[in-house]
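Working notes, structure below.
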């Protein structure tokens, strides 16, 4: 299974029937893992994107808002037609990231096969198919899988353009710019991939020609976006101003975890699992024993990894970037390719040396056996993490569904503790009780205004300072929200930030007159007894 350095050659790009079968099996395995991880739990960020997709479909989406969620079109726009065809539900909400995740596995298989050989392609695609971080993110409507797919396609096109024996061609260079533009539209920091493109072009001594086609692809994405904002908001740079208003915020604790990413190497009880130490070892070997392909893959990884670890969220002052494991998704494809390449190049040599010491007559079977054992270990460890993830999040989804079933038994108002609880409830109501819980960038203002559309039963407890003023209604309290409010109040009683100031004190000790309708996971549903009427409009 030795893998020799090679450029793109038509002789190695013909797809055999057995390769097609293997590719199909890997994609099927990837699909099964991702469907198993799909729980239906809609978390805070994903539900905002789901709300945007629903509002876009119904013509009530607004572009002139300073909420950055409203400007990530690549995340929620493709979900709108899914809602039109299938309605609001688990499959329609998550089919877009699911398709992109599977497509990225296919892209790794294709690039690996054309550039690094069939063995590397198959092993790398298998790694990505099993990798729990990618598996879990495929079932979450967030930018993580979206930016990962576009970055992978962009780098893939760039590599294919330059690794041809005949020299770079304009179509893949143009496509690299196109995909890079979509990645930047998803998350602005994807612009750091230009470091990879520029450095690669300088290395290949084809700077001007390659950058021309790259910029053309970027312009094709950027120009319609600027025109859209100019027409809808009067400011072609409105999106930049909206997003930069948040990026200029003071440093947050989420950016201070400098060991968050390095700790993944020794703390494997996370979404990267055993893959993190495997990828780290491959990167180290790639640096110690460099080859052309290893250096290209390392250079693909380096700019974004350095930004995520040391970058700033502000151009005016140093505001460390938030550290979240899920932000590493754009690095998974090159890491999988690098690990597969290093393993298939180094493992036979290591086993050969060990075999000579042990006086083994043949080491080929041992080499294959170790590869099979490695794959089985990764497969099992990934399945364990996904099973635990499924257990946690499936319970949350079921609790919301059960609560909604109770809330549908009577046509009376529903009062909630905080907009975060309300927006998740609205999703499980299929947005039929309102779809404008998250609007703008000020959390308090969301709960001061009334909820649209007219006739919605959903409202806020914050509207009633005295619990005895509450009319006949359902009341929904969420333990996590109340716990965060208590924590904020205990640490800093004078602090007015989320969520303490937005939740009435009586929510922490509900009046005895409230009749309990049941506990559903972290949700508690009550019914007030007052007979007055309330219309939430």
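The values are calculated or read from the model by the stated rules, or taken from the named source; none is laboratory data. What you see is a predicted model, and the numbers here were worked out from it, not measured in a lab. In this analysis, Cβ positions are derived from the backbone assuming ideal geometry, glycine residues included, and neighbour counts consider all displayed protein chains.
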So for the stretch 57-71 (the condition being within 16 Å of the chain's Cα centre (by Cα), in a loop (DSSP other than H, G, I, E, B) and modelled with pLDDT under 95), does at least one residue qualify?
no
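Conditions tested, residue by residue: (1) loosely packed, with under 15 Cβ neighbours inside 10 Å; (2) at pLDDT 80 or above.
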{"site": "422", "(1), (2)": "no, yes"}
{"site": "427", "(1), (2)": "no, yes"}
{"site": "433", "(1), (2)": "no, yes"}
{"site": "439", "(1), (2)": "no, no"}
{"site": "443", "(1), (2)": "no, no"}
{"site": "450", "(1), (2)": "yes, no"}
{"site": "453", "(1), (2)": "yes, no"}
{"site": "459", "(1), (2)": "no, yes"}
Those residues that are out of contact with any helix residue (DSSP H, G or I) (no Cβ under 9 Å at 6 or more places or on another chain) and closer than 19 Å to residue 43 by Cα, I need them from the stretch 363-395; list them, please.
388, 391, 392, 394, 395
Looking at the stretch 72-96, which of its residues are outside any helix (DSSP H, G or I) and in contact (Cβ under 8 Å) with a residue 40 or more places away in the chain?
72, 87, 88, 89
Could you please let me know if residue 391 is in contact with a strand residue (DSSP E or B) (Cβ under 9 Å, 6 or more places away or on another chain) and in a helix (DSSP H, G or I)?
no
Among 84, 138, 80, 121, which is under 20 Å from residue 327 (Cα atoms) and touching a helix residue (DSSP H, G or I) at 6+ places or on another chain (Cβ under 9 Å)?
138
Matching residues in the stretch 25-43 (over 19 Å from the mean Cα position of the chain (by Cα) and at pLDDT below 95) number 0
What's the number of the only condition in (1) in contact with a helix residue (DSSP H, G or I) (Cβ under 9 Å, 6 or more places away or on another chain); (2) within 20 Å of residue 202 (Cβ to Cβ) that residue 292 fails to meet?
(1)
Which condition number does residue 219 fail, the rest of (1) closer than 30 Å to residue 62 by Cβ; (2) modelled with pLDDT of 95 or more; (3) in contact with a helix residue (DSSP H, G or I) (Cβ under 6 Å, 6 or more places away or on another chain) being met?
(3)
Go through the residues of the stretch 303-321 one by one and say whether even a single one is under 20 Å from the mean Cα position of the chain (by Cα), within 24 Å of residue 383 (Cα to Cα) and surrounded by fewer than 24 Cβ atoms within 10 Å (Cβ to Cβ).
no
Going through (1) in contact with a helix residue (DSSP H, G or I) (Cβ under 6 Å, 6 or more places away or on another chain); (2) buried (at least 17 other Cβ atoms within 10 Å of the Cβ) one by one, residue 200 fails only at (1)
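Listed here are the residues, each with its yes/no results for (1) farther than 27 Å from residue 20 by Cβ; (2) in contact (Cβ under 8 Å) with a residue 24 or more places away in the chain.
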site	(1), (2)
126	no, yes
169	no, no
179	no, yes
190	yes, yes
197	yes, yes
218	yes, yes
